[in-house]
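**Student:** Quick one: the structure is below, and I'll ask about it shortly.
The values are calculated or read from the model by the stated rules, or taken from the named source; none is laboratory data. Since we're looking at a predicted model, the values are computed, not measured. As a convention, Cβ positions derive from the backbone with ideal geometry for all residues, glycine included, and neighbour counts pool all protein chains shown. What goes into the accessible areas is simple: the full protein's heavy atoms, side chains included, and nothing from ligands, DNA or RNA. Shrake-Rupley method; radii C 1.70, N 1.55, O 1.52, S 1.80 Å.
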Amino acid sequence: MITKHMIRTLMIETPNVPGNLGKVATAIGLAGGDIGEVKTVKVGPTYTMRDITVQVDTEEQLNDVIKAVEGLEEGIKLHTVSDEVLSAHEGGKIAMKSKMPINSLAELRRVYTPGVADVCNLIQREPDKAEIYTTISNTVAIVTDGTAILGLGNIGPVAGMPVMEGKAALFDQLAGISGVPILLDTTDPEEIIRTVKNIAPGFGGILLEDIGSPHCFEVEDRLKEELNIPIMHDDQHGTAVVTLAAVISACKSAGISLKEAKIGQIGLGAAGIAICRMFMAYGVQAVYGTDKSEAAMNRLKQYGGQTTLNIQELMETCDIVIATTGVPGLIKKEFVKEGQVILALSNPKPEIEPEAALGAGAAYAADGRSINNVLGFPGIFRGALNAKSKVVNHEMLVAAAEAIASCTKHGDLVPDPLQPEVHEKVAEEVERVARRVYVGV
Ligand SMILES: NC(=O)c1ccc[n+]([C@@H]2O[C@H](COP(=O)([O-])OP(=O)(O)OC[C@H]3O[C@@H](n4cnc5c(N)ncnc54)[C@H](O)[C@@H]3O)[C@@H](O)[C@H]2O)c1
Ligand SMILES: O=C(O)C[C@H](O)C(=O)O
Ligand SMILES: [Mg+2]
């Protein structure tokens, strides 16, 4: 079965006769639609109204599904076709809310003027008090310049805002952190660095998101040098963490020794280079990479990795293959070796669908929806902020990866990202390591 990427909700009325829902399901399936959720909206005296979520690959397939349902007789009616993904984004996904009720003048004076002035004076005298009396230490800026939004490319920061809002929603729900999207109207590294430094006083940490390579490397390195708060480029290190976790689990299940495995990385941009560096620092001897850009290949060599001529050679050489190119369908079925582990991580569409890779003989295969940095960044920042760490370093990232792997069921590659215990465990381990290294506990 091939994974579908367009989601639509069909509101369908069926007369209350046994078998009608089955007819609808069969019609949708035969037209190429995958049924997701089926929700009963209304049960009338003679009919039932349901919202049926259907996934398809293309507009044509959607039209086939619509025609198939409309062609059903015996009183079955299609009422509406809606795009719930678009509806879910209407008005944006996040909001800045007051934690204080302001219902009386007394409350107004306590929360705002004149009461607030005492707090300002206190912080001016004792700057550390900002940690207690403001939200700064629990707020992370989610900064993008829009140059590598998912695998959609340089579509600009405003078009990337739905992703940044999504990261903020995840920060809130999974780690209790306030994430604030910051959209930069510049792609110049010096200007990005200057801007982030100028806004840094309002934040406990900085998550760099979807900033393209190669400028992302300089931006992150310089900000780490010049600021004293945790900074992490999610597409580099968040991705490397979750990839290491998935590979640890795959090796455990398949009985492969990770450090002796040959690991191949297709696409040596932000995510790819960080994944290679993570495996090399973890002790993997044979890390290979390939990229269409000569400069990217040279970067891997500088870090001590080996390059292959092309994707086919890399696929022939390696036991474990990871892809982060942003190019859907780049890995051909014919390249897949029996027993290989293939993680095609590009979003929104992978380099090879997991089902196709498994069908071609892979032992394990997954895409970027399941092997996703959502498993890393919330807990990493929770742990770093809890420890009052001034950095996010390699030891903390490895602790996060091992924590994710420890929450993974035998036979799976990663745990369910909505399981709160996973993020708690990541936060706990990251905090423990951060305290040991930087606070000496
Ligand atoms: N699953 C996750 O958690 C996760 C996290 C980060 C990035 N990603 C995905 O990875 C992809 C890349 O993201 P990035 O931030 O590294 O982008 P990037 O632009 O920094 O890197 C992409 C790299 O792929 C290379 N490339 C493009 N086409 C190629 C081809 N045909 N053959 C070989 N190399 C090719 C480019 O030269 C570049 O070096 C995106 O699709 C993104 O969604 C997924
Ligand atoms: O946003 C995601 O889903 C993961 C990742 O950060 C990406 O850029 O693809
Ligand atoms: Mg990203």
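**Student:** Scan region 267-277 for residues that are open to solvent by 10 Å² or more (accessible area, probe 1.4 Å), assigned to a helix (DSSP H, G or I) and out of contact with any Phe, Trp or Tyr (no Cβ under 6 Å at 6 or more places or on another chain) and jot them down.
**Tutor:** Of everything in region 267-277, those that are open to solvent by 10 Å² or more (accessible area, probe 1.4 Å), assigned to a helix (DSSP H, G or I) and out of contact with any Phe, Trp or Tyr (no Cβ under 6 Å at 6 or more places or on another chain) turn out to be Ala270, Ala271.
**Student:** Within region 178-190, can one find any residue that is in a helix (DSSP H, G or I), away from ligand 3 (no atom under 16 Å from the Cβ), at pLDDT 95 or above and open to solvent by less than 60 Å² (accessible area, probe 1.4 Å)?
**Tutor:** yes
**Student:** Additional query: Of the residues Glu334, Glu338, which single one is part of a loop (DSSP other than H, G, I, E, B), more than 16 Å from ligand 3 (Cβ to nearest atom) and either open to solvent by less than 50 Å² (accessible area, probe 1.4 Å) or without any contact (Cβ under 8 Å) to a residue 40 or more places away in the chain (or both)?
**Tutor:** Glu338
**Student:** Here's a check for you: in region 27-59, which residue that is in a helix (DSSP H, G or I) and at pLDDT 95 or above is most open to solvent (accessible area, probe 1.4 Å)?
**Tutor:** Step by step, filter region 27-59, then rank; the result is Leu30.
**Student:** Further question on the same structure: Anything in region 372-388 that is surrounded by 24 or more Cβ atoms within 10 Å (Cβ to Cβ) and assigned to a loop (DSSP other than H, G, I, E, B)? List them, or say none.
**Tutor:** Once the filter is applied, which keeps residues that are surrounded by 24 or more Cβ atoms within 10 Å (Cβ to Cβ) and assigned to a loop (DSSP other than H, G, I, E, B), region 372-388 yields only Gly376.
**Student:** Being open to solvent by 10 Å² or more (accessible area, probe 1.4 Å), within 12 Å of ligand 1 (Cβ to nearest atom) and over 30 Å from Leu385 (Cβ atoms) is the filter here; which residues of region 228-266 pass it?
**Tutor:** none
**Student:** Any residue in region 405-420 that is touching a Gly at 6+ places or on another chain (Cβ under 9 Å), in a helix (DSSP H, G or I) and open to solvent by less than 20 Å² (accessible area, probe 1.4 Å)?
**Tutor:** no
**Student:** Testing Leu174 on (1) of a type in the set (A, V, I, L, M); (2) out of contact with any Pro (no Cβ under 7 Å at 6 or more places or on another chain); (3) buried (at least 21 other Cβ atoms within 10 Å of the Cβ), one condition comes back false. Which one is that?
**Tutor:** Among (1) of a type in the set (A, V, I, L, M); (2) out of contact with any Pro (no Cβ under 7 Å at 6 or more places or on another chain); (3) buried (at least 21 other Cβ atoms within 10 Å of the Cβ), Leu174 violates only (2).
**Student:** OK, next. Might you let me know whether region 287-294 holds any residue that is modelled with pLDDT of 95 or more, near ligand 1 (Cβ under 9 Å from one of its atoms), surrounded by fewer than 18 Cβ atoms within 10 Å (Cβ to Cβ) and closer than 15 Å to Phe217 by Cβ?
**Tutor:** Yes, because at least one residue in region 287-294 is modelled with pLDDT of 95 or more, near ligand 1 (Cβ under 9 Å from one of its atoms), surrounded by fewer than 18 Cβ atoms within 10 Å (Cβ to Cβ) and closer than 15 Å to Phe217 by Cβ.
**Student:** Based on this model, can you work out whether Ile199 counts as assigned to a helix (DSSP H, G or I) and either within 16 Å of ligand 2 (Cβ to nearest atom) or more than 25 Å from Thr324 (Cβ to Cβ) (or both)?
**Tutor:** yes
**Student:** Now, a different point. With respect to Pro101, is the statement that it is more than 23 Å from Phe381 (Cα to Cα) and either of a type in the set (S, T, N, Q) or loosely packed, with under 12 Cβ neighbours inside 10 Å (or both) true?
**Tutor:** Considered against the rule, which asks whether it is more than 23 Å from Phe381 (Cα to Cα) and either of a type in the set (S, T, N, Q) or loosely packed, with under 12 Cβ neighbours inside 10 Å (or both), Pro101 comes out as yes.
**Student:** Which one of these is away from ligand 1 (no atom under 16 Å from the Cβ), out of contact with any Asp or Glu (no Cβ under 7 Å at 6 or more places or on another chain) and either among the aliphatic types (A, V, I, L, M) or under 18 Å from Gly326 (Cα atoms) (or both): Leu418, Leu358, Leu413?
**Tutor:** None of the others qualify; the one that does is Leu358.
**Student:** While we're looking at this one, here's another question. Can you tell me which residues in region 354-371 are away from ligand 3 (no atom under 16 Å from the Cβ) and either not acidic (Asp, Glu) or not in a helix (DSSP H, G or I) (or both)?
**Tutor:** Those that are away from ligand 3 (no atom under 16 Å from the Cβ) and either not acidic (Asp, Glu) or not in a helix (DSSP H, G or I) (or both): Pro354, Ala356, Ala357, Leu358, Gly359, Ala360, Gly361, Ala362, Ala363, Tyr364, Ala365, Ala366.
**Student:** Restricting the search to region 361-378, which residues are in contact (Cβ under 8 Å) with a residue 40 or more places away in the chain and away from ligand 1 (no atom under 14 Å from the Cβ)?
**Tutor:** Ala363, Tyr364
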